[in-house]
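> The structure under discussion is supplied below as structure tokens; questions concerning it will follow.
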Amino acid sequence: MPEPIIAFDAVTYTYAGTDEPALHEISFEIQPGEYVAILGLNGAGKTTLGLCVNGVIPTMLGGELEGTVTVGGLDVSEYPVREMSKLVGVVFDNPEFQMSQMSVAEEVALGLENAGVPYEEMKRIIPDTLELVGLAGFEERSPLGLSGGQQQRLAIAAVLAMKPQILIMDEPTSNLDPIGKQEVFDMAARLNSERGMTVIVIEHEVEVMARYADRVIVLDGGRVIMNGTPQEIFSRVEELAALKLRVPEAAELATILRTEYGDWDGPVPITTEPAVAAVNDLLGATRD
Ligand SMILES: Nc1ncnc2c1ncn2[C@@H]1O[C@H](COP(=O)(O)OP(=O)(O)OP(=O)(O)O)[C@@H](O)[C@H]1O
């Protein structure tokens, strides 16, 4: 087993000016190259957890952090966020572009300039990064003229230009139409499978997570209450429903069919293809 790229060890965090911790006794590890989905209701602590990984907590936000968060072997409380941003890129739901008169290339250049990357190197990194997110040739365009999905991919390019090993996406598609959502998730899956990037997605789109994630971590009230493969987690349909969390429709359908028609061999389907196969089996059994 390689060294984990992210390790939370008994982390309890309380925001400055509040009494109740937003995270309680959180421990888990993420291996390099894993694609991890974080699920939970509003206020469960998902964003707070993400901010611990890039060191904004505690370095910028203060508050009280107990336990340790180790990222790439570094204790996040001991390094400035600027340093951590070389390791961890974070993208939020609503990309905000710095200045309306800037071009796509200038948006990507901004972080590189701040990091003191030489101009000659920037000229190479910018087109490479735009290529990576499917925006090759968009250098001179205005970000404001792009579709929602393209804007979000540009925001991702801006963090990828720093060559982080970890990409955190906090509800990256909540403002996108279905095509934009698909573009962003396809791209994240490619970065993960082809480049071996560690991807953490905070997301309510359970169908997508059932398809792409290696692991699902469920937060409730600031605690990790489930941590397993999508198959393990999304099979727990009743428990997730009791927590008011969505489950993939395939798993929901399978649960209803099981109640109506009794059990079948094999695991609960969590994506469409195995659900269709299970329904076919049932229909076959009914016809016989
Ligand atoms: N800057 C802050 N100061 C004080 N409390 C905060 C701050 N940010 C979040 N909290 C509190 O911490 C808890 C966890 O919030 P967090 O935003 O991490 O949850 P979340 O799961 O990301 O929710 P959402 O899905 O709504 O984004 C909530 O009780 C929230 O009110």
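> State whether the range 168-243 is rounded, prolate or oblate according to the following rule on the C-alpha gyration tensor (a ≥ b ≥ c being the square roots of its eigenvalues): a/c under 1.5 gives rounded; otherwise a/b larger than b/c gives prolate, and the remaining case gives oblate.
prolate
> Moving to a separate point now. Springs between alpha-carbon atoms under 10 Å, Gaussian network over the chain: tell me which of Gln231, Gln150, Gln101 tops the mean-square fluctuations.
Answer for the Gaussian network model of the chain: Gln101.
> Also: Charges only on Cβ, +1 for Lys and Arg, -1 for Asp and Glu: so what's the dipole of the range 152-212 about the Cα centre, in debye to the nearest 20? Numbers along the way, then the final one.
Values: 6 positive and 9 negative charges, 67 e Å.
Once rounded to the nearest 20, the dipole reads 320 debye.
> On average over all directions, what projected area in square nanometres does the chain have, based on the convex hull of its Cα atoms?
Details: hull surface 69.6 nm².
Approximately 17.4 nm², given one-decimal rounding.
> A follow-up question, please. By how many nm would the segment from Met102 to Glu3 grow when fully extended, if each residue of separation counts as 0.36 nm and the alpha-carbon distance is taken off?
My answer for the length gained is 31.6 nm.
> I'd like the distance between the alpha-carbon centres of the range 159-183 and the range 265-285, rounded to an integer number of Å.
One Cα centre to the other: 32 Å.
> Tell me the angle of helix 272-287 to the major Cα principal axis of the chain, expressed in degrees between 0 and 90 and rounded to the nearest ten.
10 degrees
> I'd like the orientation of helix 249-261 relative to the chain: the angle between its Cα long axis and the longest Cα principal axis, in ° from 0 to 90, rounded to 10.
Tilt of helix 249-261: around 10 degrees.
> Pull out a ≥ b ≥ c, the square roots of the eigenvalues of the alpha-carbon gyration tensor of the range 41-102, then state rounded if a/c is under 1.5, prolate if not and a/b is larger than b/c, and oblate in the remaining case.
Oblate, since a/c reaches 1.5 and b/c is not below a/b.
> Also, quick follow-up: Rounded to whole Hz and in sequence order, give me ³J(HN,Hα) for the range 108-118 from the Karplus expression 6.51 cos²θ - 1.76 cosθ + 1.60, θ = phi - 60°, writing x for Gly and Pro.
Using θ = phi - 60°, the values come out as 5, 5, 3, x, 5, 4, 4, 7, x, 6, x Hz.
> Also: Quick check on the range 209-272: take the gyration tensor over C-alpha atoms, sort the square-rooted eigenvalues as a ≥ b ≥ c, and tell me if it's rounded (a/c under 1.5), prolate or oblate.
prolate
No lab work stands behind these numbers, since they all come straight from the coordinates. Bear in mind the structure is a predicted one, so any value in this text is a computation, not a measurement. Note: ideal-geometry Cβ built from the backbone for every residue, glycine included; neighbour counts use all protein chains shown.
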